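Enquirer: Quick one: this structure, given as structure tokens, is what I'll be asking you about.
What follows draws every value from the coordinates through simple rules; no lab data is involved. Keep in mind the model is a prediction, meaning the values are calculated, not measured. Cβ sites come from the backbone with ideal geometry, for glycine too, and all protein chains shown count toward neighbours.
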Amino acid sequence: MPQTKDRYESPFNSRYASDEMQYLMSPDMKFKTWRKLWIALAEAEKELGLQITQEQIDQLKLFQDRINYDIAEQKEREIRHDVMAHIHAYGEQCPDARGIIHAGATSCYVTDNTDVIIIKEALLLIRKKLLGVMEKLSAFADRYRSLPTLGFTHLQPAQLVTVGKRTTLWIQDLLMDLEDLDHVLAGLKLLGNKDATGTQESFLNLFDGDNKKAKAVDRLIAQKMGFTETFPVSGQTYPRKLDSRVLSVLSGIAQSASKFGNDLRILQNMEEMEEPFEESQVGSSAMAYKRNPMRSERICGLARYVMVDALNPAITASTQWLERTLDDSANKRISITEAFLAVDAILAIYINIVSGLKVYPKVIEKHIMARLPFMATVKILMQAVKKGGDRQDLHERIRRHSMDAARKMKEEGGENDLMERIAADPAFPMDLDEIQNILTPANFIGRSALQVEEFLEDQVRPVLEANKDRMMPGNVDLKV
């Protein structure tokens, strides 16, 4: 169909999500998987003794990826049932196998099993990009493990940390997300073939009441589709609790990415760090000088969508009446698909940002030195006491000098002259040079640099090494 400009177009297609994720969520992926499932079902039934020939299966395989969409779409308009329409279309291509397609199955055999298969492939793609972000952040953390910077609590200057130490907080969040993702991946199960209310009655009929064969169908289908298990019991569908678990993982990744995005937006405001800004990029249509953090803002905006979207499968799972109801279908088509598309886009942007992340040490140092005199007063007090000063008297003098220096900075816009005030106070047995020697930022970062080294060595590198062939390499070019 030619592209038009008079219809709604999802921004996930044109602006955000990757081609790989878009294909996983595409009709082509869905309908080709339906055909793979029909082939797996026929093979399983043949192996268990039903009158199905290899020639019939070979004919099904011949047209597995050659879908006659025109026939399927025409038939669906006529009968208003997508699964039956595609059975009819497949049967036209495979006349010898027409009678065995979908034998004993319900619509949910293809729709629900396909959904689980697509979820698995989509989670693996998300995992690949998640590891790519972690790899780049790890290199960044290592590079800046010793660079002091102001730490903040309540968004107020607190004690010093390092740029690398702050980065480990972002990585640790992603490690937790990876653990959750792997847990969900490991627990993925197919629906199998459970019949209209989950009793497998149709297979008991097909196999003349043979319980073992009716049960074995599920096992064989799972094996053929690359799974080890099916849900042991179900209603008509797989438990919608699974969708809620999956969206919880995607929401967790969105939360972690949004934390990074918000932090970077704050740091870019302070001009300490900056996301990539291309040579011809325009920051504002009015203010030509601006360098807005549009990538980080996009992460935060998409993440907000995913976090709210996670409510959809939670509510759906809680309202599936008895063996099933159909109010999940329309919601599920949108909520699951768009959550994956959004997180795919979020991680692509995350990789792109970290690949070109700028740090401005001189600005960071300027901010440190405006605040460090206050932080250094504890060390100055201890040093002065060692030289014979009265601790309580010196503490009170430091308090008054600190208040006066802060007042000058806030009310007059002056520089921080706390060290000069203390040096000029005869109660302190220290000159200005001795006091200012204390103001070395590296003396105030605690174990930050070592914490980065230990964290990367003990927690991160083993994960990256174990997954070195399963991560997104290099940078990611954004569509817009």
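Enquirer: DSSP beta bridges in the chain, what fraction antiparallel, as a percent rounded to 5?
Expert: 90
Enquirer: Using a ≥ b ≥ c from the Cα gyration tensor of the range 363-444 (square roots of the eigenvalues), is it rounded, prolate or oblate, where a/c under 1.5 gives rounded and otherwise the larger of a/b and b/c decides, a/b for prolate?
Expert: Oblate shape, in that a/c is at least 1.5 and b/c is the bigger or equal ratio.
Enquirer: While we're looking at this one, here's another question. Which value in nm describes the separation of the simple spin-label points at LYS5 and ARG143, placed 7 Å from the Cα toward the beta carbon?
Expert: Once both label points are built, they end up 4.1 nm from each other.
Enquirer: If you don't mind, another one. So what is the relative contact order for the chain, in percent, with contacts set as C-alpha pairs under 8 Å and at least six apart? Show your work: numbers first, answer last.
Expert: Working: 592 pairs, mean separation 95.6, N = 480.
Result for the chain is 20 percent.
Enquirer: For MET369, MET225, what's the fewest-to-most ordering of other Cβ within 10 Å of each Cβ?
Expert: Least to most surrounded, the residues fall as MET369, MET225.
Enquirer: Okay, moving on. Which length gain, in nm to one decimal place, applies between ASN68 and LYS241 when the Cα-Cα distance is subtracted from 0.36 nm times their residue separation?
Expert: Additional length available on full extension: 58.8 nm.
Enquirer: Compute the distance in nm between two label points, each set 7 Å from the Cα along the Cα-to-Cβ direction, one at ASP19 and one at ASP58.
Expert: If labels sit at ASP19 and ASP58, their model points lie 3.6 nm apart.
Enquirer: Only counting other Cβ atoms within 10 Å, I'd like SER234, SER402, SER10 sorted with the fewest neighbours first.
Expert: The fewest-first ordering by Cβ neighbours comes to SER10, SER402, SER234.
Enquirer: With Cβ to Cβ distances under 15 Å as the rule, what net charge do the other residues near LEU188 carry (K, R +1; D, E -1)?
Expert: Working: positive: LYS120, ARG127, LYS189, ARG240, LYS241, ARG245; negative: ASP112, ASP115, GLU121, ASP180, ASP182, ASP218, GLU229, ASP243.
Overall, the nearby charge balance is -2.
Enquirer: Follow-up question, since we're still on this one. Sum -39500 (n - 2.57) across every DSSP H segment of at least 4 residues in the chain, then divide by the residue count to get the 222 nm mean residue ellipticity, nearest 500.
Expert: Working: 19 runs with 293 residues, N = 480.
So the calculated ellipticity at 222 nm is -20000 deg cm²/dmol.
Enquirer: Still on this structure, I have one more. Quick one: Karplus J couplings for the range 415-425, per residue in order, coefficients 6.51, -1.76, 1.60, θ = phi - 60°, nearest Hz, x for Gly and Pro?
Expert: Couplings: 6, 6, 10, 4, 5, 5, 5, 5, 5, 7, 7 Hz.
Enquirer: Let me ask something else. Given H placed 1.01 Å from N in the peptide plane, which residues other than close sequence neighbours of ARG145 have an amide H under 5 Å from its amide H?
Expert: GLY164
Enquirer: Between the range 189-262 and the range 307-345, what's the alpha-carbon centroid distance in Å?
Expert: 16
Enquirer: Residues with amide H under 5 Å of GLY151's amide H, sequence separation 5 or more or different chain, H placed in the peptide plane at 1.01 Å from N; which?
Expert: For GLY151, the qualifying residues are ALA158, GLN159, LEU160, VAL161.
Enquirer: Then there is this: Using 14 Å as the cut-off for backbone N distance, which residues of the range 374-416 belong to the label zone defined by a point 7 Å from the Cα of GLU434 along Cα→Cβ?
Expert: 380-390
Enquirer: If you don't mind, another one. Extending each Cα 7 Å along its Cβ direction at THR228 and ASN331, get the distance between those two points in nm, one decimal.
Expert: 3.2
Enquirer: Ordered by residue, what ³J(HN,Hα) values in Hz, to whole numbers, does the range 65-77 give under the Karplus form 6.51 cos²θ - 1.76 cosθ + 1.60, where θ = phi - 60° and Gly and Pro are x?
Expert: 10, 10, 7, 8, 4, 4, 5, 4, 5, 4, 5, 5, 4
Enquirer: Could you please rank LYS224, LYS213, placing first whichever residue has the fewest other Cβ atoms within 10 Å of its Cβ?
Expert: The fewest-first ordering by Cβ neighbours comes to LYS224, LYS213.
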